[in-house]
Amino acid sequence: MQLSIVGSGYVGTTIAACFAEVGHDVVNVDIDEEIVASLNAGDAPIHEPGLDDLVAEHAGDRLRATTDYGAVRDTDVTFLALPTPSEADGHIDLSIMKAGARSLGAALAEKDGHHLVVTKSTVVPTTTEEVIAPILAAESGKTLGGDLDVGMNPEFLREGSAVEDFLDPDKVVLGSETERGASLLRDVFDPLVAQADDPPVVETGVAEAEMIKYANNGFLAAKISLANDIANICKEYGIDSEEVLSAIGLDHRIGSSFLGAGVGWGGSCFPKDVAAIIAAARDVGYDPAMLEAAVEVNDRQPVRLLERLRDHVDPDGARVAVLGLAFKPGTDDVRNSRAIPLVEALLDANADVVGYDPVATENFRETFPGIDYADSAESALDGADAALVVTDWPEFADLDSAFDSMSTPVVVDGRRIVTRRDGIVYESLV
């Protein structure tokens with residue numbers, strides 16, 4: 001099929017390359033000329049394992065990019081993969097989505113025949129039908145349910161494994177209100193489903209598809225926070241939380257995934273999505289107490305890490321190595337990284353901070369240009385009074401003799417990946 005993707009960020013680039021991989025012809029539309037040039041040159045504009053290879057393989061063949069919205073007229077289906085950032089009160093900012101919908105609708109005004117527009121961005125229930133669809137119809141002059149259909153296909157991509165998640169999904173959710181729209185969505189995803197490990201395909205309404213994404217992320221965020229709450233209690237009793245959480249994970253009703261207790265969740269999805277669905281729930285008069293509690297527990301975890309540090313080292317004037325700046329391993333994304341509130345607190349305590357991350361240093365430097373940065377974990381540890389492990393990069397689990405170069409070998413491990421041994425003062429967060 002001929003597909004177009006509006007937006008070439010993390011989601012837009014990933015799904016474009018993956019759609020090309022399963023055989024579709026794809027054009028990315030983006031207003032950023034540098035990103036467009038990068039894609040056409042075969043270079044992925046973001047760091048994501050496996051994405052570079054797909055972009056390099058398909059660029060100039062089944063994958064191309066342009067700044068011209070007119071390219072959508074030669075396609076059957078357009079996916080809107082534009083940012084929906086958080087506003088201060090938790091609501092999502094739809095200004096970019098609305099602008100994209102207006103440009104897309106104006107381009108479709110010159111297209112004869114039917115077109116399907118699918119929301120890929122995460123938006124609160126009813127957004128596609130009540131906000132995006134009217135803009136598309138007004139700008140294009142097309143009739144909703146006639147020569148214009150809208151749909152919703154939420155993404156469940158984890159940074160660091162997005163390509164794998166797309167090509168071998170747990171589920172595929174297709175939201176549509178018309179049979180023609182549903183049929184086109186099936187046609188788009190049939191090649192993916194055929195080559196994947198037979199994932200369940202959920203066909204549902206548009207608003208239901210929008211809600212499924214929020215329910216999915218809200219549940220996982222709450223599960224992590226509950227695991228952290230349990231682990232915090234274990235810590236106070238001197239109980240090994242890993243043994244406890246591993247045991248309850250054997251219960252098929254609970255499962256072992258997302259029970260890794262630590263410094264909490266961050267990134268672009270969980271914080272934004274949980275805040276958005278809390279705000280949306282309040283708008284309709286419901287108080288989502290469980291989700292609010294999940295956020296509260298998550299916000300406390302970096303504070304607890306600093307408290308564990310203070311048990312051994314006064315941060316005032318101390319040189320503290322912060323290991324891990326990305327919100328999770330496998331990505332250079334620092335959005336809502338747990339390192340951000342931690343570094344802020346350390347600076348407030350007058351600590352001398354040195355940060356290290358295998359790939360996220362430059363992104364983190366944009367927020368904290370005044371701290372020191374090391375080019376290796378070993379260099380960050382050299383002469384440090386304490387080390388805080390914030391992101392569970394595998395290389396940190398292999399650190400051993402490097403701790404001997406510290407001024408005082410105090411290691412506070414927010415992810416429980418460092419091996420406790422004689423010669424270091426080791427403290428886990430949970």
So if R0 is 41 Å, what FRET efficiency would GLU292 and GLU366 give, r being the distance between their Cβ atoms, rounded to the nearest 0.05?
0.85
For a quick check: with amide H placed at 1.01 Å from N, whose amide H comes under 5 Å from ALA387's, ignoring anything fewer than 5 positions away on the same chain?
ALA321, VAL410, VAL411, VAL412
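Once a ≥ b ≥ c are taken as the square roots of the eigenvalues of the Cα gyration tensor of segment 1-148, is the result rounded (a/c under 1.5), prolate (a/b larger than b/c) or oblate (a/b not larger than b/c)?
oblate
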At 0.36 nm per residue, and after removing the present C-alpha to C-alpha distance, how many nm does the segment from ASP299 to ASP251 gain when stretched out fully?
14.5 nm
Can you pull the accessible area of HIS24 for me, 1.4 Å probe, Å² to the nearest 10?
10 Å²
Could you go through segment 115-120 in sequence order and give the Karplus-derived ³J(HN,Hα) for each residue, using 6.51 cos²θ - 1.76 cosθ + 1.60 with θ = phi - 60°, rounded to whole Hz, and x for Gly and Pro?
8, 10, 10, 10, 6, 9
What are the ³J(HN,Hα) values, in whole Hz, obtained from phi via the Karplus relation 6.51 cos²θ - 1.76 cosθ + 1.60 with θ = phi - 60°, for each residue of segment 16-28 in sequence order, with x given for Gly and Pro?
5, 5, 6, 4, 5, 5, 8, x, 7, 8, 10, 10, 8
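Accessible area per residue for the chain in Å², computed with a 1.4 Å probe and the full protein assembly in place, what is it?
Using a 1.4 Å probe on heavy atoms only, each residue of the chain averages 42 Å².
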Which of LYS111/LYS171; LYS111/LYS272; LYS235/LYS272 exceed 31 Å between C-alpha atoms? The answer is LYS111/LYS171; LYS111/LYS272
Mind pulling the angle between the C-alpha long axis of helix 289-310 and the longest principal axis of the chain? Nearest 10 degrees, somewhere in 0 to 90.
30 degrees
Estimate the FRET efficiency between ALA138 and PHE219 by the formula 1/(1 + (r/R0)^6), using the beta-carbon distance for r and 35 Å for R0, to the nearest 0.05.
0.45
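Run the dipole for the chain about the Cα centre, Lys and Arg Cβ at +1, Asp and Glu Cβ at -1, nothing else charged, and hand back the magnitude in debye, nearest 20.
The calculation lands at about 820 debye.
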Cβ charges +1 (Lys, Arg) and -1 (Asp, Glu), total dipole of segment 136-178, debye:
140 debye
In terms of modelled amide H atoms, which long-range or inter-chain residues lie less than 5 Å from the amide H of LEU144?
none
Long-range HN-HN contacts of HIS115 with modeled amide H, under 5 Å
LEU148, ASP149
Label of the coordinate-derived value, P(r) over Cα pairs in 10 Å bins from 0, in percent, listed as (i) 4, 11, 10, 10, 9, 9, 8, 7, 6, 6, 5, 4, 3, 2, 2, 1, 1, 0, 0, 0, 0; (ii) 4, 15, 19, 18, 16, 13, 9, 5, 1, 0; (iii) 4, 20, 28, 24, 15, 7, 2, 0
(iii)
Computed E for GLU208/ARG310 - FRET, C-beta separation, R0 60 angstrom, nearest 0.05
0.80
Indicate, rounded to the nearest 5 percent, the antiparallel portion of the DSSP beta bridges found entirely in the chain.
5 percent
Please give, to one decimal in nm, the separation of the simple spin-label points placed at ASP168 and ASP93, each 7 Å out from Cα toward the Cβ.
3.8 nm
Phi to ³J(HN,Hα) by Karplus 6.51 cos²θ - 1.76 cosθ + 1.60 over segment 158-169, Hz, x for Gly, Pro:
9, 4, x, 8, 5, 5, 4, 5, 6, 7, 9, x
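The values are calculated or read from the model by the stated rules, or taken from the named source; none is laboratory data. For clarity, every value in this text was computed on a predicted model and none was experimentally measured. Virtual Cβ from ideal backbone geometry, glycine too; neighbours counted across all protein chains shown. Note: accessible area is taken over every heavy atom of the protein model, side chains too, but ligands, DNA and RNA are not part of it. Shrake-Rupley method; radii C 1.70, N 1.55, O 1.52, S 1.80 Å.
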